[in-house]
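One structure is given below, encoded as structure tokens.
The values are calculated or read from the model by the stated rules, or taken from the named source; none is laboratory data. What you see is a predicted model; the values in this text were computed from it and never measured. Here Cβ is always computed from backbone atoms with ideal geometry, including for glycine, and neighbour counts include all displayed protein chains.
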Amino acid sequence: MIPYRREKLSSQIIKDISAILHTQMKDPRLGLVSVTRVTLTPDLSEAKVFVSVLGADKEKKLTMSALRHARGFVQRELSHRLAIRQCPAIEFVRDDSIEKTIKLTSKIDKLTKEREARVRGDASAGQAPERGEVAREEE
């Protein structure tokens, strides 16, 4: 199978499933869902749809159960939208990468602020340099 065809189809599946979830799904269990990526098998028969769900663990579990329950509906709507002979069988997989990125970014920001405060404190107090830093002698 030609790789660019697979990439093009996966990006189209992302767009279509996002539209289906946000406009046609009426399930109250469905929370804030974003389709992050889709991986297709080489023969285009199966697609793993990675979704990011924001909220508490209970909301995430409810949303994933709603997606698993509505898999047939989403697959049927997707087959109507795609212009291919056979629509791939979809499987929803929870993707926590966005949540992990947010946590990591906040930790980096916190450490940066602490370091800046420490540097400002060291410069004004004239304290000894940290390990790895070279002490400057005033002339």
Within the stretch 62-120, considering residues that are in contact with a strand residue (DSSP E or B) (Cβ under 7 Å, 6 or more places away or on another chain) and of a type in the set (Val, Ile, Thr), the one surrounded by the most Cβ atoms within 10 Å (Cβ to Cβ): THR63
The one condition in (1) surrounded by fewer than 19 Cβ atoms within 10 Å (Cβ to Cβ); (2) of a type in the set (A, V, I, L, M); (3) part of a strand (DSSP E or B) that LEU44 fails to fulfil: (3)
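Select, from SER79, SER124, SER106, the only residue that is modelled with pLDDT of 90 or more, outside the structural domain of SER10 (by TED's automatic domain parsing) and not basic (Lys, Arg). Give the derivation first.
On the way: SER79 fails: outside the structural domain of SER10 (by TED's automatic domain parsing); SER124 fails: modelled with pLDDT of 90 or more.
When all the criteria are applied, what remains is SER106.
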